[in-house]
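The values are calculated or read from the model by the stated rules, or taken from the named source; none is laboratory data. On a predicted model such as this, the values are computed, not experimentally measured, just so you know. Quick note on the areas: whole protein, heavy atoms, side chains included, nothing else; ligands and nucleic acids left out. Shrake-Rupley method; radii C 1.70, N 1.55, O 1.52, S 1.80 Å.
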Amino acid sequence: MPLTLTHEEYGQIINVTRVTISRILAHWQSEGLICRENKTIIVHHQLFDDVYDWLSYFSEK
């Protein structure tokens, strides 16, 4: 899903500073979870492996 957001806008979304976003993205890049192509950030699916799947939770009830 293409989004054009600045680091400051990402920070506003999750309530952290622009510097914190830069550190998070640098860490993820060093771990191979994202890669950057110019101004585009490509996210590897492994970044979401630990995210709880709410849709399956509600479909079981």
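At pLDDT 90 or above and either under 12 Å from the mean Cα position of the chain (by Cα) or not basic (K, R) (or both): is that true of I24 in this structure?
Details: at pLDDT 90 or above: yes; either under 12 Å from the mean Cα position of the chain (by Cα) or not basic (K, R) (or both): yes.
For I24, the condition - at pLDDT 90 or above and either under 12 Å from the mean Cα position of the chain (by Cα) or not basic (K, R) (or both) - is met.
Return the residue satisfying two criteria in turn: it lies in the stretch 32-61 and is more than 13 Å from the chain's Cα centre (by Cα) and assigned to a loop (DSSP other than H, G, I, E, B), and of such residues it is modelled with the lowest pLDDT.
Taking the candidates together, the pick is K61.
I need the full set of residues from the stretch 13-52 which are among the β-branched types (V, I, T), within 15 Å of L3 (Cα to Cα) and open to solvent by 50 Å² or more (accessible area, probe 1.4 Å), in order please.
First, the residues of the stretch 13-52 that are among the β-branched types (V, I, T): 13-14, 16-17, 19-21, 24, 34, 40-43, 51.
Then keep just the ones that are within 15 Å of L3 (Cα to Cα); that gives 13, 34, 40-43.
Those that are among the β-branched types (V, I, T), within 15 Å of L3 (Cα to Cα) and open to solvent by 50 Å² or more (accessible area, probe 1.4 Å): I13, T40, I41, I42, V43.
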